[in-house]
Amino acid sequence: MQKILSIFISCCTLAACGGGNSHTTPNIMQPPTNDMRAEDYQKLTRPEIEPSVLKYATEAELLNHIKNGLRLRVSVFDDTIEELFNQTDDVVTFSAVIADASPTATANFTGNAADGVSPTGAVSDSNVESTSSDLANAPTADGFSETNTHVSGVDEADYVKYDGQYLFISASSSGEYGSLPASTIRIMETNPANAEITEVGTIETNSEAWGSVSELYLVGDENGTNELVTTQSDWNYVSVNFGPEAIFNDYASSVTINEINITSYDVSDPSSAVETFNIAIDGDIQSSRKIGNILYLVTRFTPHFDDIRYYFTQNEQSALEDNEARISSLTLEDALPAVRINGGESQPLLQASDCLIPADSGELHGYSTLITVIAIDLEQHKVLSANCLNTQVGGIYANQNSLYIGGSAYRTWEDYESYTVVHKFNLDSSIDYRSTGIVPGWLGWQDPSFRMDEYEGSFRIVTTGNDGFGPIHRLSILQDNTSSDAMTLVAELPNETQTAAIGKPGEDIYAVRFVGDRGYIVTFERTDPLYVLDLSVANAPVIAGELEVPGFSSYLHPIGENHLLGIGRDADDEGQLNGTKVSLFDIRDISAPELVSSETFGERGSWTSVLNDLRSITFLSPNSDQVRFAVPISLNSEPWVWQEDSLHLFEINGLDASTVSLNFVGKIIAEESNESNTWPSYSSLDRSVLHDDAVYYSHNDEVWASFWSSPNAATGPH
């Protein structure tokens, strides 16, 4: 199996260098000479994540690719499907595809087919990258915590932002039944000396269409915050989902008409915020990052045409041919996303020369969705650069120099030849495609982008395959090639000399973290093996050490250079999961990592949002000897019996000494079980801010405040 996968990568590399082609169809030079007939649709190649480097497209290539993508979404059913379209008053199930950290992530809705839908769940952008150098968040000059991000210097949008004086909270309310959700930004002034907080202003954000609650960025300079920026996607239409293929493939579902709104407010007077800038972009947000005052958006856009149908019955052959005539007549301007500045006229966001397609695409290949990477100057209020990819992707990693967009192709279970493709973009004065890496295996069921990292010119990625008996985990290290757009594989684990497997038979990966020249991997089936990888020599990685403890960690965070914090779940000897577990590891000797101490909170069913959203945990270092951190936990007093939602406070002490300890300080209870409240609200947006000795805890859009040493005396809700 190892040989098969190695040959596969070699073939892909040769294709990139002109020595081969992974497709049997020829490279597209011109569009087909004749319009395609509907009965020839089956000749088209279904969209997938292509094992190919990219090339910038010509207008003819891009238009043909998009048209074929539209054709691939056309389905013909037997006559019984007609009954569904004739019963518009029935309740049907909808699905909006979210292509962020995973190609299978979805937000599900139920509603009336004629009147619209009501959201019953949401998928938020959370962990989408890992860091090679991030240590526990150091205190700022003013001694307050900021959003916990993956990479130092790369900010991430969040529902709560703090600048040391004002706390900005993105709050939502569903309003009356059948109404659109309202979205409000609360602006609250803090007084950390007295652990007090007071609301001083609000901002009403756009709620004209179904959309996510706005996430926030702060824009400012050394003098403080000048503007507050909100990022929001509106869902104007929702697509009908006709089965599991619609989750995975663009061609199997109808499109949605989505709009992204980036809005800037002058908050120099928080009591009277004024909108200063708005940019509306076709599509929806998959992820965003801010470096300095440049906002980088990764968006997804699928063109929609009211007069093109995607579902036909067998007795509608003439209508199907008319539909093909409409697809054939489309122009490129029809199919590309537009941008509107401050409510003005629509303008093209990009041109064909800004768009990338697989270099070995043939005239029968197609994909109708565009992934766009956009750079916006938040200070100058203008779009700087945009690139698009007319190919499937999922999973994003970014540092201050590069952006990686990747995804996994899941082959049939029998052939065990899944692979992952990652495209690299340089982030400079413009966004430029640099290279593509192809490795065997897939990025996993959890947040895939924690498995990617760039360090000193090397790209490290952890993938999982299957040999027919269970999961096989692999570390691959790649570097850019000066003579090709294909990355070169320089090393992997396991290998011929380092044969030890990552994980024991049957164990899946639950956490990955890269820190400088080390990597940490947690696998789990019944116990939690923590593997420490020595990556100091890029072409000779080794598994340096291993530690087994009960349970597993889903989130890993470096504490200085010598310790590692793990947040996860406890487990018994049979692998049955129990409460939320907080662990501290000593990694000074990478060949023999040790557990310093751990503590478990609650029984089975207890949960923390830190497990899938690193922004939920907050760090502050009052001095070099101590790190404080806060973790929200939904606590069960016995299996599946909810007790409370609360913020748990911890200290790591003795970092300057030889003896380090993990200490639980106390908790702020925001919501607890009683006769009238026996079920939690299940808010996944719990956030906290630490400022000197004050703690501010946001739960369900309300805030509790206390001193660090006396959380049981918290005031609130505010």
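The values are calculated or read from the model by the stated rules, or taken from the named source; none is laboratory data. The model shown is predicted, which means the values in this text are computed figures rather than measured ones. Cβ: placed from backbone, ideal geometry, glycine included. Neighbour counts: every protein chain shown. When the accessible area is computed, the model is the full protein with side chains, heavy atoms only, and any ligands, DNA or RNA have been set aside. Shrake-Rupley method; radii C 1.70, N 1.55, O 1.52, S 1.80 Å.
Here are the numbers:
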item: In segment 648-668, residue most open to solvent (accessible area, probe 1.4 Å) [restricted to those that are β-branched (Val, Ile, Thr) and touching a residue at least 40 places away in the same chain (Cβ under 8 Å)]; result: VAL665
item: Residues of segment 417-461 satisfying the condition of being among the charged types (D, E, K, R) and part of a strand (DSSP E or B); result: LYS424, ASP432, ARG434, ASP453, GLU454, ARG460
item: Residues being of a type outside the set (D, E, K, R) and open to solvent by 60 Å² or more (accessible area, probe 1.4 Å) - total across segment 701-718; result: 7
item: Only listed residue being under 27 Å from LEU72 (Cα atoms) and out of contact with any Cys (no Cβ under 7 Å at 6 or more places or on another chain), chosen from GLY394, GLY457, GLY465; result: GLY394
item: Number of positions in segment 312-357 that are of a type in the set (S, T, N, Q), within 27 Å of ARG37 (Cα to Cα) and touching a helix residue (DSSP H, G or I) at 6+ places or on another chain (Cβ under 9 Å); result: 7
item: Check on ARG588, outside any strand (DSSP E or B) and among the basic types (Lys, Arg); result: yes
item: Test: residue in segment 613-629 that is open to solvent by 10 Å² or more (accessible area, probe 1.4 Å) and either in contact with a helix residue (DSSP H, G or I) (Cβ under 8 Å, 6 or more places away or on another chain) or over 27 Å from TRP708 (Cβ atoms) (or both); result: no
item: In segment 197-235, the residues that are touching a Phe, Trp or Tyr at 6+ places or on another chain (Cβ under 7 Å) and modelled with pLDDT under 80; result: ALA209, TRP210, GLY211, VAL213, ASP234, TRP235
item: Residues of segment 591-620 satisfying the condition of being part of a loop (DSSP other than H, G, I, E, B) and over 16 Å from VAL532 (Cα atoms); result: GLY602, GLU603, ARG604, GLY605, SER606, THR608, ASN612, ASP613, ILE617
item: Any chance GLU603 is open to solvent by 10 Å² or more (accessible area, probe 1.4 Å) and free of Cβ contacts under 8 Å to residues at least 40 places away in the same chain; result: yes
item: When residues of segment 471-485 are limited to those that are of a type outside the set (Ser, Thr, Tyr) and closer than 18 Å to ALA538 by Cα, the one farthest from the chain's Cα centre (by Cα); result: ASN481
item: Residue tally, condition farther than 15 Å from GLU454 by Cβ and part of a strand (DSSP E or B), over segment 475-488; result: 1
item: Conditions (1) out of contact with any strand residue (DSSP E or B) (no Cβ under 6 Å at 6 or more places or on another chain); (2) over 17 Å from ARG628 (Cβ atoms); number of the one not met by THR715; result: (1)
item: Filtered residue count, segment 369-390, keeping only those that are open to solvent by 10 Å² or more (accessible area, probe 1.4 Å), polar (S, T, N, Q) and part of a loop (DSSP other than H, G, I, E, B); result: 1
item: Which numbered condition VAL117 fails, given (1) in a loop (DSSP other than H, G, I, E, B); (2) farther than 28 Å from TYR397 by Cα; (3) at pLDDT below 95; result: (1)
item: Filtered residues of segment 465-474 (kept if modelled with pLDDT under 90 and in a strand (DSSP E or B)); result: GLY465, ASN466, PRO471
item: PHE459, sole failed condition from (1) touching a helix residue (DSSP H, G or I) at 6+ places or on another chain (Cβ under 8 Å); (2) within 14 Å of THR420 (Cβ to Cβ); result: (1)
item: Qualifying residues in segment 621-650 (those that are of a type in the set (S, T, N, Q) and part of a strand (DSSP E or B)) - the one modelled with the lowest pLDDT; result: SER637
item: Segment 59-75 - residue that is over 29 Å from the mean Cα position of the chain (by Cα) and not in a helix (DSSP H, G or I) and, of those, farthest from ASN387 (Cα to Cα); result: SER75
item: Within segment 494-580, strands (runs of 3 or more DSSP E) holding 3 or more residues that are open to solvent by 50 Å² or more (accessible area, probe 1.4 Å); result: 542-550
item: Output for segment 336-358, where each listed residue is buried (at least 21 other Cβ atoms within 10 Å of the Cβ) and farther than 16 Å from SER385 by Cβ; result: ILE357, PRO358
item: Filtered residue count, segment 318-327, keeping only those that are touching a residue at least 24 places away in the same chain (Cβ under 8 Å) and open to solvent by 20 Å² or more (accessible area, probe 1.4 Å); result: 2
item: Odd one out for SER483 among (1) surrounded by fewer than 22 Cβ atoms within 10 Å (Cβ to Cβ); (2) within 21 Å of GLY457 (Cβ to Cβ); (3) modelled with pLDDT under 95; (4) in contact with a strand residue (DSSP E or B) (Cβ under 9 Å, 6 or more places away or on another chain); result: (4)
item: Cross-chain or 6+ apart pairs with Cβ under 8 Å, segment 332-353 first and without any contact (Cβ under 8 Å) to a residue 12 or more places away in the chain, then of a type outside the set (Lys, Arg) and loosely packed, with under 13 Cβ neighbours inside 10 Å; result: none
item: Segment 414-443, residues that are of a type outside the set (A, V, I, L, M, F, W, C), open to solvent by less than 10 Å² (accessible area, probe 1.4 Å) and under 17 Å from the mean Cα position of the chain (by Cα); result: THR420, HIS423
